[in-house]
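*Asks:* Sending over a structure as structure tokens; questions will come in a sec.
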Amino acid sequence: MRITAAAAVLSAVAVSAHPDPGAKLTKPPVHPNLDYLEAGLEQYLPETSYTLHEWNNGYIPSECKKVVTGGVDSGTNYNPSDMQIFDVKYADCGDPWVFCHHRNSNASIDTMARQFGKMPIQMRQWVRHVIDLPDKGRHARATRWT
């Protein structure tokens, strides 16, 4: 009985901690620049081998198109025909990830696939699409479609 009560309290706290998970962030970052972490991550996270297969049919996933064209308040407005779409399959998983890569991106598709493959599969499993656009800064965005 004690465990059930504790679990109920913890779940109530967890739910109340995020009243609107889709709301914009209002707090400043803990640290404004996380570049100092890059060297350690590069050195200690192992690489996972991968294969690339480019889509040559002119299709683009609707979720990628929404972000690329600014349809989800992403602040972007690119031409979908400038995107290259890849299936990236890693040695530790049977299912590929879809990468939407802009031809003028600062990073190559190989760099993107290699970096993403360094994340443990337990983290990668929560990502549906990787979208790579030209940008002067470096950042990530999580978008939730309903």
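*Asks:* Please identify every one of the chymotrypsin sites (Phe, Trp or Tyr not before Pro) in the stretch 68-136 that sits in a loop by DSSP and has no more than 11 other beta carbons within 10 Å of its own beta carbon.
*Replies:* Filter output for the stretch 68-136: TRP126.
*Asks:* For ASN106, enumerate residues with amide H under 5 Å from its amide H, sequence gap 5+ or separate chain, H modeled in the peptide plane.
*Replies:* ASP135
*Asks:* Starting from the amide H of GLN84, placed 1.01 Å from N in the peptide plane, find each other amide H under 5 Å away whose residue is 5 or more places distant or on another chain.
*Replies:* Result for GLN84 returns HIS101, HIS102, ARG103.
Coordinate-derived values only; no laboratory data. As the structure is a computational prediction, the values presented were derived from the model and not from experiment. Quick reminder, even Gly has a Cβ in these numbers, built from the backbone with ideal geometry, and neighbours come from all protein chains shown.
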